[in-house]
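The block underneath contains the structure these notes are about, expressed in structure tokens.
The values are calculated or read from the model by the stated rules, or taken from the named source; none is laboratory data. As the structure is a computational prediction, the values presented were derived from the model and not from experiment. Cβ placement follows ideal geometry from the backbone for every residue including glycine, while neighbour counts extend to all protein chains displayed. Protein only, heavy atoms only, side chains kept; ligands, DNA and RNA dropped before computing areas. Shrake-Rupley method; radii C 1.70, N 1.55, O 1.52, S 1.80 Å.
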Amino acid sequence: MTTPLWTPSPERVAAANLTRFAQPLGFAPGQDEALWRWSVERREEFWRAVWQFCGVQAATAPLRMLEDDRMPGARWCEGAQLNFAENLLAGEWRAPARAPALIALDESGRRREIGWPQLRAEVERIAAALAADGVGEGDRVAGFLPNGPEAVIAMLAAARLGAIWSSCSPDFGEHGVLDRFGQIAPKVLFACDGYRYNGKLVDTRARVDAVRASLPKLQRLVWVQGTGQPLAAEGGERFEDYRGAGATRFAQGPFERPLYILYSSGTTGRPKCIVHGAGGTLLQHLKEHVLHADVKPGDRVFFFTTCGWMMWNWLVSALGAGATVVLYDGSPLAPANDVLWRLAERERVTHFGTSPKYLSALEKSGYLPRQHFGLGGLRTVLSTGSPLAPEQFDFVLRAIKPDVQLASISGGTDIISCFALGHPWKPVHRGELQAPGLGMAVDVLDGAGRPLRGAPGELVCTRAFPSMPVGFWNDPDGTKYRAAYFERFPGRWHHGDYAQWTAHGGLVITGRSDATLNPGGVRIGTAEIYRVVDAQPEVLESVVVGHRHDNDERVLLFVRLREGLPWNEAIDRRIRDAIRRELTPRHVPAKVLACPEVPRTLSGKITEIAVRDLIHGREVKNADALANPAALDFFRQLGPADLL
């Protein structure tokens, strides 16, 4: 048992939303495991309690919370009629007087503050315009937008009408956008003419025109202007001028009415279009914000994200808890590496969301935010996107704030939420996710489907949960959906993460199981190696893969060095020695090579599978799904002599 890095004070525990929620149910602080087990075994009671505690607005309440417990096939909240946008905008009645709904900042220094009445009015205006264009229940509305107020407003307007929202970040290329929007045939597209990133103005008008020409069912293009230049397309309308006549109502619909279409990474083919329901998304997000993240009315919640990552959808749902959502569009390190901390101090952020990649870049720069900014209001730092290394836990408490809850969270686009995340009652232990999500029957299994304790295995969920996808788009009989999650362990959700329970009832995620290394038959999570390698001062980032050779698997490590550093035997030896010393000799790569860049998906995740395919002579099926497809060229040119 290790000493906790951080323990919540008795005052903080007593004031937690979770404490007010749990005590009437017969659970007190310290009974976190008992509460979780009850929430899993008595899910109808648990989710009804969440519904009531979080004040879900519904024209008709559910007769039963869970009608059928099959996976897939569970039916939640039969008879309920609700509207997602109405519930998020109901945060106005929880928020303190004069608290803003949105604060939006961008790299140019522009700041916009939108109050609740203004947000409601803007949503009504856009909804009326969409209705005038024939948008109704089930129609798709798409956004090719930066992370600004327009994206939130357009999404809420679509949801108000019962339409389906889907979005991409404007850094997606033409083919990446069409691989997504081309499958769902949106009726209206909100698109930016440009955006700023890393000090540069990026013009997207030609890209938008090309996308528009390839969407034959598109009826309206609405421009969000960022360049200040004349628009290239004929027939488009400015966001500020887009309005319709007459009023619209919040369209009430069933719990599983489609709300969002999100996408898989698409690195192994066309992205899967994952359809999420309004009720499941709402209930799960409210639970996570209110009970796990302890978001209270008037809190200010920030997460560094784009509109192409599910964390944008998750962030916006904090409105439903009565919080102010803080948006930022631009580079997190430009014009300087203090930009996000300046934002956090000025906007009095209470919940700061980031990624291990950003924290690593901050640490390597030597920058210590706590030396420059007073972050007195900051209570929680959230991190996701990839496993957070134990050393990064140390860095957050040393460099940002010693008295802060560091909540490493993990879930995914597939469930638009989390399987494991922070817990207001529990201490934070180095390298661990604090707890499984309430109501989520999380477990770790071996290859035969048997529960594992004290050893890594496959992360699963053994019982149905509300935010399971409604299905995949263009998958009428559910074949693709079942194959994606239920083939490996029938009747149980197989998530594809390699995980391990800890002695504290938390979890450690050690990487994607489809990228797990297997030298000599011993399974190794890639995150274990990244933890050691990326901590080396010479290394900016790395990618590790398995290479089939001589009827076994060898470990190959590729590292990107800091600018101007030449690769040499001394660096190679230091990396190998560190891996051997901190892990085991089995983890030591057969070969370490320097590479100019590490390929990443559009959401910033390392794509080991693309590298693995290339070194085995297989071409990557969809390089357009990468943020930096040119990074593949190095791996594509490697031959047997380079690898052996």
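Projecting the Cα atoms of Cys461, Gly182, Leu130 onto the dipole axis of the chain, where Lys and Arg carry +1 and Asp and Glu carry -1 at the beta carbon, places Cys461 farthest toward the positive end.
If R0 is 45 Å, the Cβ-Cβ spacing of Glu137 and Leu201 corresponds to a FRET efficiency of close to 0.70. Residues of the stretch 234-260 with an amide N closer than 20 Å to a point placed 7 Å from the Cα of Arg110 along the Cα-to-Cβ direction: 236-243. In this label model, Leu452 and Trp93 are separated by 4.8 nm, measuring between points 7 Å along each Cα→Cβ vector.
About the Cα centre, and with charges only on the beta carbon of Lys, Arg (+1) and Asp, Glu (-1), how big is the dipole of the chain? Nearest 20 debye, please. Mind showing how you got there, number by number?
Details: 74 positive and 72 negative charges, 125 e Å.
Rounded to the nearest 20 debye, it is 600 debye.
A dipole drawn for the chain from +1 and -1 charges on Cβ atoms has a positive end, and of Val13, Ala344, Trp36 the residue lying farthest that way is Val13. The calculated FRET efficiency for Ala578 paired with His616, based on their beta-carbon distance and R0 = 30 Å, is about 0.65.
So which trypsin sites (Lys or Arg not before Pro) in the stretch 367-474 pass both tests, a DSSP loop state and at most 14 other Cβ atoms within 10 Å of the Cβ? Display every interim value, and only then the final one.
On the way: sites: Arg370, Arg379, Arg398, Arg430, Arg453, Arg463; in loops: Arg379, Arg430, Arg453, Arg463.
The qualifying sites are Arg453.
Averaged over its residues, the chain has an accessible area of 38 Å² per residue, based on protein heavy atoms and a 1.4 Å probe. Charged side chains reduced to their Cβ positions (Lys and Arg at +1, Asp and Glu at -1) give the stretch 1-160 a dipole of some 340 debye around its Cα centre. Relative to one another, the C-alpha centroids of the stretch 70-122 and the stretch 359-386 are positioned 27 Å apart. Once the Cβ-Cβ distance of Gln371 and Arg562 is raised to the sixth power relative to R0 = 30 Å, the FRET efficiency obtained is 0.85. Label positions at Gln252 and Glu569, each projected 7 Å from the Cα along the C-beta direction, are separated by 7.8 nm.
State whether the stretch 322-391 is rounded, prolate or oblate according to the following rule on the C-alpha gyration tensor (a ≥ b ≥ c being the square roots of its eigenvalues): a/c under 1.5 gives rounded; otherwise a/b larger than b/c gives prolate, and the remaining case gives oblate. Judged from the Cα gyration tensor, the stretch 322-391 comes out rounded (a/c under 1.5). Quick check: the distance between the Cα centres of the stretch 570-644 and the stretch 393-453, to the nearest angstrom? Their Cα centres are 27 Å away from one another. For the stretch 178-246, applying the loop criterion from DSSP together with a ceiling of 12 other beta carbons within 10 Å to the GluC sites (Glu not before Pro) yields Glu234.
In the stretch 432-533, the portion of solvent-accessible area held by carbon and sulfur atoms comes to 51 percent [1.4 Å probe, whole percent, DNA, RNA and ligands not counted]. Put a dot 7 Å past the Cα of Ala28, heading toward its Cβ, do the same for Arg348, and the two dots end up 3.4 nm apart.
By how many nm would the segment from Ala61 to Ala336 lengthen if fully extended, with 0.36 nm per residue of separation less the alpha-carbon distance?
Numbers: separation 275, 0.36 × 275 = 99.00 nm, distance 5.00 nm.
Between Ala61 and Ala336, full extension yields an extra 94.0 nm.
Think of each Lys and Arg Cβ as +1 and each Asp and Glu Cβ as -1; about the Cα centre, that makes the dipole of the stretch 125-189 roughly 200 debye.
Helical runs (DSSP H, four residues minimum) scored at -39500 (n - 2.57) apiece and divided by the length of the chain put the mean residue ellipticity at 222 nm at -8000 deg cm²/dmol. Taking the stretch 622-636 and a reference point 7 angstrom along Cα→Cβ of Ser214, the backbone N atoms nearer than 15 Å belong to 622-626. Can you match Cα extents along the principal axes in Å to one of these, (i) 71, 62, 55; (ii) 72, 58, 49; (iii) 87, 56, 47, based on a calculation from the structure here? Computing Cα extents along the principal axes in Å and matching it to (i) 71, 62, 55; (ii) 72, 58, 49; (iii) 87, 56, 47 gives (i).
For the stretch 97-146, the set of trypsin sites (Lys or Arg not before Pro) satisfying both a DSSP loop assignment and a count of at most 16 other C-beta atoms within 10 Å is given as Arg98, Arg110.
Per-peptide packing, taken as the mean over residues of other Cβ atoms within 10 Å, places 36-43, 78-85, 274-281 in the sequence 274-281, 78-85, 36-43 from highest down.
Summarising the overall dimensions of the stretch 17-101 from its C-alpha atoms, the Rg and Dmax are 15.4, 46 angstrom. Computed over the alpha-carbon pairs of the stretch 96-210, the distance histogram in 5 Å steps reads 2, 11, 20, 20, 20, 15, 9, 3, 1, 0 percent, short to long.
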